[in-house]
Amino acid sequence: MNLQGKKIILGVSGSIAAYKAPMIVRELIKLGAEVRVVMTPSSEQFVSRTVLMNLSKHPVAVDMFEDEVQEGGSWHIHLAHWCDVMLIAPCSATSLARLATGFYDTALSIIACALPKEIPLLIAPAMDSDMWEHPAVLRNIEILKQDGAIIIDPAYGELASGIIGQGRLPDLQELIRQCCLALGMPISDLRIDTGQHIESHEEPLLSKPLYGKHVLITAGPTYERIDDVRFIGNFSSGKMGFALAQQASQLGALVTLITGPVSLKTPIGTIRRLNIESAGDMYEAVMKEMAGQDIIIMSAAVADFTPRIRHEGKIKKGEAESMLVDLVKTTDILAELGKIKQQDQLLIGFALESSHHIEYGKKKLAEKGCDMIIVNKANAPHSGFGGDMNTISIIDQSMQVKEYHTMSKQACAEMIFEHIIQLSALS
């Protein structure tokens, strides 16, 4: 039983795919979970509330003010804190908009709002392909990803309208697989009774070397504010860190991506994104998230210095010919992690060097307590900050060095994870 003892809220919204909700409830319960169902009023046009109540053996919440689901004056808070994971399947375009814009006028949306930050929120959109591709829907998806939700992308196939395209609710096995991954549950013995044979051309999950692993990745720059309009920063685009996040997800990992200010969209996959601004923000986020991570990759370009005083408003130029900004060192996050990481955690650092890159890389590896250092050559042509290419060298704990020619950042990510997987096998 993969989900034995787990408590799951299933949210059902007004998509025609809501008729599949009883099958989801039945299978979750067969796998050992306790399920509570929350519906939007429009979903009752497609599936019976009574059926879901009988299957789950619990009252089904539809209206926020119904007596039968009240558990004191804050029943939505109690229910949100009761669960281990919340899965909204299907999620209509309307419910997506409610969740993304903070319009909490249904039982489903108010419970999603009340979820503690540590509880995974999985959203499986289902709608016609033209709706799925609408700019407003795509914007809402990005907002929800940035807020930490895990989006289970709709499947491709024939839709209720007769159109062939992307928009179908993912199959039952995929929905439950995503629940297991979000909960860190073993899925090696997952057997789903779908009632039909489904031919799959995807790589089997068990062949993915990082399946079920938790990977923390930092990306992008940090901004250190001088005043309300000026900051000290760097030219990091975040592309290397985002490529690493995408590769980790493709290898089966559940990824937490902590990123500074970048313009990149969150890669598709099992990726939870957290946005920060300053080096101090990055330190707090990493320290909060590091527990339970199997692999930590510090690829962000974190500022080494920050203004001692942040001025309120905008500093006026006036008659001054110059201005001095007093800077102080920021916390060395990589070094702090090296001191406190668990023996079974792998810590991977990055170093940007303009000269003597191997020598300085080895020094950083020894000083920071890392298991591996990735050295970027700052002066290599056509690579580095902002671009799509990179020139890297990989140094492991035995001080073995692998130098690579300039290649795409996605190819670099693949190469880095090959080394990480080898290192994992040896540790």
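So if each residue of separation counts as 0.36 nm, and I subtract the Cα-Cα distance between Gln342 and Glu133, what length gain in nm does that give? List each step's numbers first, then the result.
On the way: separation 209, 0.36 × 209 = 75.24 nm, distance 4.36 nm.
So the chain would gain 70.9 nm between Gln342 and Glu133.
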- Message: Using a 7 Å offset from the Cα along the Cα-to-Cβ direction at both Glu284 and Cys113, what is the distance between the two label points in nm, to one decimal?
- Response: 2.3 nm
- Note on the structure: Percent antiparallel among DSSP beta bridges confined to the chain, rounded to 5, stands at 30 percent
- Message: On a full-extension model of 0.36 nm per residue, what is the gain between Glu277 and Arg310, subtracting their alpha-carbon distance, rounded to one decimal in nm?
- Response: 10.5 nm
- Query: If R0 is 35 Å, what FRET efficiency do you get for Asn54 and Ile268 from their C-beta distance, rounded to 0.05?
  - Reply: 0.45
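Please work out the Cα convex hull volume for the chain and give it in Å³ per residue.
179 Å³
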- Query: Non-local amide H neighbours of Ser237 (under 5 Å, H modeled in plane, Pro and chain starts lacking H): which ones?
  - Reply: Gly386
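So how do 241-251, 222-232, 171-181 stack up, highest first, on mean other-Cβ count within 10 Å? Don't jump to the answer; show the numbers that get you there.
Working: 241-251: 25.2, 222-232: 17.7, 171-181: 21.9.
Ranking, from highest mean packing down: 241-251, 171-181, 222-232.
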- Message: Neighbour counts of other C-beta atoms within 10 Å: give me Ile421, Ile309, Ile271 arranged from fewest to most.
- Response: Ile309, Ile421, Ile271
- Task: Starting with the fewest neighbours, write out Tyr360, Tyr283 ranked by other beta-carbon atoms found within 10 Å of each beta-carbon.
- Result: Tyr360, Tyr283
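For Asn379 and Ser355, calculate 0.36 nm times their separation in residues minus their Cα-Cα distance, and state this gained length in nm to one decimal. Numbers along the way, then the final one.
Details: separation 24, 0.36 × 24 = 8.64 nm, distance 0.82 nm.
The Asn379-Ser355 span can extend by a further 7.8 nm.
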- Query: Most exposed first by the Cβ proxy, i.e. fewest other Cβ within 10 Å, how do Asp153, Asp84 rank?
  - Reply: Asp153, Asp84
- Estimated distance in nm for a label pair at Thr331 and Ile143, the labels positioned 7 Å out from Cα along Cα-to-Cβ: 3.2 nm
- Task: For Lys317 paired with Ile29, estimate the spin-label separation in nm (one decimal), with each label point 7 Å from Cα along the Cα-to-Cβ line.
- Result: 7.1 nm
- At R0 = 41 Å the Cβ-Cβ FRET efficiency linking Val229 and Gln397, nearest 0.05, sits at 0.40
- Taking only the alpha carbons of the range 1-143, what extent do you get along each of the three principal axes, in Å, biggest first? 39, 31, 29
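Since every read-out is calculated from the coordinates, none of them should be taken as a lab result. Here the structure is a predicted model, which is why all the values come from computation and not from measurement. Don't worry about glycine lacking a Cβ; one is built from the backbone with ideal geometry, like all the others, and counts go over all protein chains shown.
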